[in-house]
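Notes to accompany the following structure.
Where a number appears in this text, it was derived from the coordinates with a stated rule and is not lab data. None of these values were measured; they are calculated from a predicted model. FYI the Cβ positions are ideal-geometry reconstructions off the backbone, even for glycines, and counts take in every protein chain you see.
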Amino acid sequence: MSVIFDGRGFAARKKEDLRFMINDLRNKGVIPKLVSILIGNDEASSLYVNLKKKAAEEVGAEVEVVSLSSSISKEGIIKTIERYNNDDNIHGIMVQLPLPERFSKADKEEILNLIDPIKDVDGLRADSSFLHPTSKACIEIMDYALSIVLLEDLNRSLKICIVGAGGMVGKPLAAKLMERNYDVVECNSKTIDLKSKTVNADVVISATGVPELIGADMVKSGAIIIDVGSPVGDFSKDAYDRASFVSPVPGGVGPVTIICLLENLYLATSNKQK
């Protein structure tokens, strides 16, 4: 029977630890502050920003939401970022994605790369001081899974398959796991014979957003599954049944990601005090 990961409960425990650490900063007169730049009126983006703001307030941090018109120019966004880069009272800056469709991929990269790397708590710059919060959440969940699930023959290298390895979550995740000397297999939703990659993995992490891309016949019995698909999950429910541990959608990675973002904000703030 699969262990179903409770992301909300896990995040709540991390939140208590973070509240204690931030309280220590507040006692020194320092309040961690994140600026979240929201462009346009995307409903899902607005919801996510409000969740971050609420979570930040619960741990004693602050989030200032800067709402910009969907018609704003790239130059207008750049000026906004530069203003907060130069504000010593702001410890973290993030631009809520996705941007309005009229912005190209090159525009997005230019905008994100203007964020000061020591304030890039979303970890989207290549030289960011921080790991992307969702990638960080996946690693923490995997470590937790390994602490409670006994996989056979742990003396060998753990084989991890990342589906969506070229994306915003998968790319930094793969790099970090390779640093740990894991055997990492990188795939995407269009990989030829994807099944041959996933079915031999001890851990399968998928972040493609393709609903039910991975079925039960593509998962090794007893594997660890970490589903990062949005909004309904990359794995079928019968694939969940074959696993020894499942981080599901919803309620798995999502709640942990928000706390990981706030942990990055805490680190950005405390590092500045040194």
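Based on Cβ point charges of +1 for Lys and Arg and -1 for Asp and Glu, what charge dipole magnitude is obtained for segment 79-142 about its Cα centre, in debye rounded to the nearest 20? Can you show the working numbers first?
Numbers: 8 positive and 12 negative charges, 32 e Å.
It comes to approximately 160 debye.
Quick one: Karplus J couplings for segment 210-222, per residue in order, coefficients 6.51, -1.76, 1.60, θ = phi - 60°, nearest Hz, x for Gly and Pro?
Each residue's phi maps through the Karplus curve to give 8, x, 6, 4, 10, x, 4, 6, 9, 10, 5, 4, x Hz.
If you average the C-alpha positions of segment 93-108 and of segment 111-137 separately, how far apart do those two centres end up, in angstrom?
15
Give or take rounding to whole Å, what are the principal axis extents of the alpha carbon atoms in segment 187-274, in descending order?
Computed over the Cα atoms, the extents are 51, 24, 23 Å.
Counting each DSSP H run of 4 or more residues in the chain as -39500 (n - 2.57), what helix-only mean residue ellipticity at 222 nm follows after dividing by all residues, to the nearest 500 deg cm²/dmol?
That comes out to -13500 deg cm²/dmol.
Out of these labelled values of mean projected area of the Cα convex hull in nm², [x] 14.6; [y] 17.3; [z] 13.4, which was calculated from the coordinates shown here?
[x]
Helix 170-179 versus the longest principal axis of the chain: what is the Cα-based angle in degrees, 0 to 90, to the nearest 10?
Rounded to the nearest ten degrees, it is 70.
Long-range amide H contacts for V66: which residues qualify at under 5 Å (H placed 1.01 Å from N, peptide plane, sequence gap of 5 or more or a different chain)?
So V66 has HN proximity to S36, I37, L38.
Tell me, what HN-Hα J-couplings in whole Hz come from the Karplus equation 6.51 cos²θ - 1.76 cosθ + 1.60 at θ = phi - 60° for each residue of segment 78-90, using x for Gly and Pro?
Couplings: 4, 4, 5, 4, 4, 4, 7, 4, 8, 9, 5, 8, 9 Hz.
In segment 1-46, which trypsin sites (Lys or Arg not before Pro) are in a loop and have at most 10 other Cβ atoms within 10 Å, using DSSP for the loop call? Show your work: numbers first, answer last.
On the way: sites: R8, R13, K14, K15, R19, R26, K28, K33; in loops: K28.
Answer by residue number: K28.
Bin width 5 Å, alpha-carbon pairs only: give the P(r) of segment 133-254 as whole percents, running from 0 to the bin holding the largest distance.
2, 12, 25, 29, 21, 9, 1, 0
Once you keep just the Cα pairs under 8 angstrom separated by 6 or more residues, what percentage relative contact order results for the chain?
On the way: 512 pairs, mean separation 57.6, N = 274.
Relative CO of the chain lands at 21 percent.
To the nearest 0.05, what FRET efficiency results for K190 and S2 with a Förster distance of 25 Å applied to their C-beta separation? Could you put the intermediate results ahead of the total?
Values: r = 28 Å, r/R0 = 1.12.
Efficiency for this residue pair is about 0.35.
Non-local amide H neighbours of I214 (under 5 Å, H modeled in plane, Pro and chain starts lacking H): which ones?
F235, S236
Given charges of +1 on the Cβ of Lys and Arg and -1 on the Cβ of Asp and Glu, with all other atoms neutral, how large is the dipole of the chain about its Cα centre, in debye to the nearest 20? Display every interim value, and only then the final one.
Values: 33 positive and 38 negative charges, 68 e Å.
With only Lys, Arg, Asp and Glu charged at Cβ, the dipole is about 320 debye.
Quick check for me: using +1 on Lys/Arg Cβ and -1 on Asp/Glu Cβ, what's the dipole size of segment 133-254 about its Cα centre, in debye to the nearest 20? All intermediate terms of the calculation are to be shown ahead of the outcome.
Numbers: 12 positive and 15 negative charges, 51 e Å.
Here the size comes out at about 240 debye.
With equal scatterers on the alpha carbons only and no solvent term, can you work out the Debye log10 of I(q)/I(0) for segment 28-116 at 0.11, 0.20, 0.21, 0.24 1/Å?
Each listed q maps to, in turn, -0.31, -0.96, -1.04, -1.27.
Taking the highest mean first, how do the peptides 157-169, 211-223 order by number of other beta carbon atoms within 10 angstrom per residue? If you can, show how the numbers build up before the last one.
Working: 157-169: 21.1, 211-223: 17.8.
Descending packing order for the listed peptides: 157-169, 211-223.
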